[in-house]
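Heads up: the structure comes next, in structure tokens.
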Amino acid sequence: MLKPLEMAHAFLAEILTKNDYALDATMGNGHDTVFLAKRAKEVFAFDVQFEALQNTRNRADAEGLDNVRLFWSGHQNINHYILGCKVAIFNLGYLPNGDKSITTRYDTTIDAIEQVLNILSVGGRVSIVIYPGHEAGKLEKVEVLDYVSALDQNYFTVMLYEPLNQINTPPLLVMIEKIKSTDDPFYDRF
Ligand SMILES: C[S@@+](CC[C@H](N)C(=O)[O-])C[C@H]1O[C@@H](n2cnc3c(N)ncnc32)[C@H](O)[C@@H]1O
């Protein structure tokens, strides 16, 4: 059975082609950026830590990938840089083996998800991997699930993929598909 991160990738890879733009909202060590770059025309990747940009650039270079554009900026600023994308991934939490105090926070995460949903192509998909094993992640799980659960079903299909019988606090995955343009006067952005 696929783990949540593997499922996150499979969900996006199913529709991603070399004609499409992809977004990595939390580049970290660049694993997700590289996964997307192998399948997309171009990947836009964001992180607040310069270390993440260095690690991601090195990883992309090692794979011979020159179709990644790295932004040293929080994903809550995506609107300032990106006009559209077909797929997006949020791999939340902190950088593995890095500073655990620099973690995603539910308020900016939700702000970014909302921006991404608006610029996403119709038929486009978003994967959100949440790690509830630390304090900020526990709160992020509650708030992000609350937010995505309230998305209008006429515009988005939202699915949850979560291990139910593990004793610790394993990651879970939210998958969203956009089924109708939000660029109409009837869409309620709350
Ligand atoms: C779990 S790691 C991402 C793993 C990464 N996708 C990979 O493939 O290695 C989470 C990352 O989110 C970053 N982050 C925290 N707050 C952020 C924000 N507001 N915008 C963008 N990235 C942020 C952290 O610096 C950290 O690198």
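Side notes on the structure shown:
- Selection status of N77, in contact with a strand residue (DSSP E or B) (Cβ under 8 Å, 6 or more places away or on another chain), within 12 Å of T26 (Cβ to Cβ) and among the polar types (S, T, N, Q): no
- Subset of the stretch 135-145 (residues that are modelled with pLDDT of 95 or more, away from the ligand (no atom under 11 Å from the Cβ) and either farther than 20 Å from I78 by Cβ or in contact with a His (Cβ under 6 Å, 6 or more places away or on another chain) (or both)): K138, L139, K141, V142, L145
- Within the stretch 171-190, restricting attention to residues that are within 18 Å of C85 (Cβ to Cβ) and not in a strand (DSSP E or B), the residue that is least open to solvent (accessible area, probe 1.4 Å) is T182.
- Residue match in the stretch 156-167 (condition: open to solvent by less than 30 Å² (accessible area, probe 1.4 Å) and not aromatic (F, W, Y)): no
- Restricting the first member to the stretch 67-89 and to residues that are touching a residue at least 60 places away in the same chain (Cβ under 8 Å), and the second to residues that are part of a helix (DSSP H, G or I), the beta-carbon pairs closer than 6 Å and six or more apart or on different chains are G84/I119; V87/L12; A88/V116; I89/D32.
- The set of residues from the stretch 145-170 being of a type in the set (D, E) and assigned to a loop (DSSP other than H, G, I, E, B) comprises D152, E162.
- Among all residues of the stretch 125-143, there is none that is more than 14 Å from the chain's Cα centre (by Cα) and among the hydroxyl-bearing types (S, T, Y).
- Pairing residues of the stretch 179-190 that are among the hydrophobic types (A, V, I, L, M, F, W, C) with residues that are at pLDDT 80 or above, at Cβ distances under 8 Å and at least 6 apart in sequence or on separate chains, gives I179/V122; I179/G123; I179/N154; I179/Y155; I179/F156; I179/T157; F190/A150.
- Considering residues of the stretch 8-25 that are in a loop (DSSP other than H, G, I, E, B) and more than 12 Å from the ligand (Cβ to nearest atom) only, the residue surrounded by the most Cβ atoms within 10 Å (Cβ to Cβ): L16
- Close pairs (7 angstrom Cβ cut-off, 6 or more residues apart or separate chains): farther than 18 Å from R105 by Cα in the stretch 117-133, of a type in the set (D, E, K, R) and open to solvent by 30 Å² or more (accessible area, probe 1.4 Å) anywhere: S121/K86; V122/K180; G124/K86; R125/E177
- Hits in the stretch 41-68 - residues which are among the aliphatic types (A, V, I, L, M) and in contact with a Phe, Trp or Tyr (Cβ under 6 Å, 6 or more places away or on another chain): L53
- The listed residue being in contact with a strand residue (DSSP E or B) (Cβ under 9 Å, 6 or more places away or on another chain) and either among the β-branched types (V, I, T) or closer than 24 Å to M1 by Cα (or both), out of A88, A112: A88
The values are calculated or read from the model by the stated rules, or taken from the named source; none is laboratory data. For clarity, every value in this text was computed on a predicted model and none was experimentally measured. Virtual Cβ from ideal backbone geometry, glycine too; neighbours counted across all protein chains shown. Each accessible area value is taken on the protein alone, full model and side chains, heavy atoms only, with ligands, DNA and RNA left out. Shrake-Rupley method; radii C 1.70, N 1.55, O 1.52, S 1.80 Å.
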